[in-house]
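Everything on this sheet refers to the single structure shown next.
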Amino acid sequence: MLQVSYIRENREEVLNRLAVKNFIRPELIDQIITLDEERRFVQNQMDTTAAESNALAKQIGDLMRQGKKAEAESVKANTAGLKDQIRDLGSKLTELEEKLQSQLIILPNLPHQSVPKGFGPEENEVVLEYGQIPQLPDNALPHWDLAAKYDIIDFELGNKIAGAGFPVYKGKGAKLQRALINYFLDKAGEEAYREIQPPIVVNEASGFGTGQLPDKEGQMYHIGIDNLYLIPTAEVPVTNLYRDVIVKEEELPIRNCAYTPCFRREAGSYGAHVRGLNRLHQFDKVELVQIAHPDESYKILEEMSTYVQGLLKELGLPYRVLSLCGGDMSFTSSKTYDMEVWCAAQARWLEVSSVSNFENYQANRLKLRFKGAEGKPQLAHTLNGSALALPRILASLLENNQTEKGISIPEVLIPYTGFNLID
RNA sequence: GGAGAGAUGCCUGAGUGGCCGAAAGGAUCAGUUUGCUAAACUGACGUACUGGCAACGGUACCGAGGGUUCGAAUCCCUCUCUCUCCGCCA
């Protein structure tokens, strides 16, 4: 959520930057500014009236203590009108605040200056490409066929147990998953990320804090009886660890990582592009979450991007990095890099990581602030990135590394898998 | 699922109608003293909104929301959450 004070003081800039996200609603911005003015006016009126009433109440108290009952009664007579006034002003204020809030929540985050303008994925900027695109023989198989051939992932069994989008990993497939999780967590640990095991269900307040609620309600699985949501990403619980928290400035940056299963309803899209592991209702992911000083957050965004690329290099996967254009970026993000990995048999790029700086947009919702030795608390910046999402990594490993003998396992994973070939 | 207890500032914890934005202790920070460490002493030490160039003010906040009252942390109602014991269970 953007801060009203910022909108008020930087109207033009806000309009221009929102336009990069194709959000062009000057009338909404002006309405917000007007509402804010009204709000402050009403608040002032209420405060002065309350001050008056407090003073009288105090006077009555003093008179009562001195035993001057008659005088106290006469002062009492003056308070009657004030009470009603305060009540009226109060409800007006609440009304204005709610209206203001409901409009503020419609505004997406401001994109960073470096974010390219654009409407969709075609206009994302390719920042770099790395690695050799493997040349596969003509009889190369997509990963869903490989999964069946080597009996390592069973989509049919998943259908039986839960439904489409809930695969069952078996044997070396399950082991490879576990190897990837451990490898990712160990690497993050080496980079001084603290490992967290959060709940994988969250309450409403947490969903609101990171921006999933109220608008993206349909994307999460909801446990009605307890009013809890299955997390779509570890970002939700791990970032919410710091909801309503004021951290010490010298503690920044705070680096946490977590492995969790992630659940996404993503209802309604089926077909070749979402076949196999390409899009699932449940998948595993290791997530990095950082809380940063505003002066440092963009440096940290680059570091996170570099870190994720390092993982892909070690796994030997050809990848490219995209800087998302305004139109393709999420509602809450200021700048996002997507890492896409080449899937050789499908002959397409698949997103395996998304690294974002939210600046203070989430922090404002979360009330996540930091405070130095001097001065007032200020909103921190939050960042997160997948490092990495497993299914598409798996898909790419299977497709790119297929040989006549079987699927070869990257060097770095062998200590974790205990085998070097899936056959 | 059954029974009970509770929710106060960074923490512990006092406070049952006005003198309470809130005692006391601890923690933290600054200063004084001491040969260092430690200790002792002194002072500072919530958040939000708002007025003001500032100094400095105003208002609100003692789990949340309502109510009683001139006046509520304190009384009443509703809700949420936490803890303890029993039951069930990995």
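The values are calculated or read from the model by the stated rules, or taken from the named source; none is laboratory data. In this text, all values refer to a predicted model and were calculated from it rather than measured experimentally. Note: ideal-geometry Cβ built from the backbone for every residue, glycine included; neighbour counts use all protein chains shown. For the accessible areas, the whole protein counts, side chains as well, though only heavy atoms, and no ligand, DNA or RNA atoms are used. Shrake-Rupley method; radii C 1.70, N 1.55, O 1.52, S 1.80 Å.
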Could you say whether any residue in the range A:394-401 is surrounded by 24 or more Cβ atoms within 10 Å (Cβ to Cβ) and within 16 Å of RNA strand B (Cβ to nearest atom)?
no
Residue list for the range A:229-254, restricted to those being surrounded by fewer than 19 Cβ atoms within 10 Å (Cβ to Cβ) and among the charged types (D, E, K, R)
A:Arg243, A:Asp244, A:Lys248, A:Glu249, A:Glu250, A:Glu251
Taking A:Thr417, is it free of Cβ contacts under 8 Å to residues at least 24 places away in the same chain, more than 16 Å from RNA strand B (Cβ to nearest atom) and either buried (at least 23 other Cβ atoms within 10 Å of the Cβ) or assigned by TED's automatic domain parsing to the domain that holds A:Ala258 (or both)?
no
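Looking at the range A:216-240, which of the residues that are aliphatic (A, V, I, L, M) and over 13 Å from the mean Cα position of the chain (by Cα) is nearest to A:Glu266 (Cα to Cα)?
Here is the first cut: in the range A:216-240, the residues aliphatic (A, V, I, L, M) are A:220, A:223, A:225, A:228, A:230-231, A:234, A:236, A:238.
Restricting the remaining residues to those that are over 13 Å from the mean Cα position of the chain (by Cα) gives A:220, A:223, A:225, A:228, A:230.
On the way: A:Met220: 8, A:Ile223: 17, A:Ile225: 22, A:Leu228: 18, A:Leu230: 13 Å.
My answer is A:Met220.
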Have a look at A:Leu96, A:Leu128 and point out the one that is in contact (Cβ under 8 Å) with a residue 12 or more places away in the chain and open to solvent by less than 40 Å² (accessible area, probe 1.4 Å).
A:Leu96
Being touching a Cys at 6+ places or on another chain (Cβ under 8 Å), among the basic types (Lys, Arg) and more than 9 Å from RNA strand B (Cβ to nearest atom), is that true of even one residue in the range A:82-105?
no
Exception for A:Gly211 within (1) on the phi < 0 side of the Ramachandran plot; (2) touching a helix residue (DSSP H, G or I) at 6+ places or on another chain (Cβ under 8 Å); (3) open to solvent by less than 30 Å² (accessible area, probe 1.4 Å) falls at (1)
Answer residue from the range A:46-81, given it is of a type in the set (A, V, I, L, M, F, W, C) and more than 8 Å from RNA strand B (Cβ to nearest atom) and is farthest from the chain's Cα centre (by Cα) among those
A:Ala70
Residue in the range A:12-39 that is farthest from the chain's Cα centre (by Cα), counting only those that are surrounded by 13 or more Cβ atoms within 10 Å (Cβ to Cβ) and within 16 Å of RNA strand B (Cβ to nearest atom)
A:Glu38
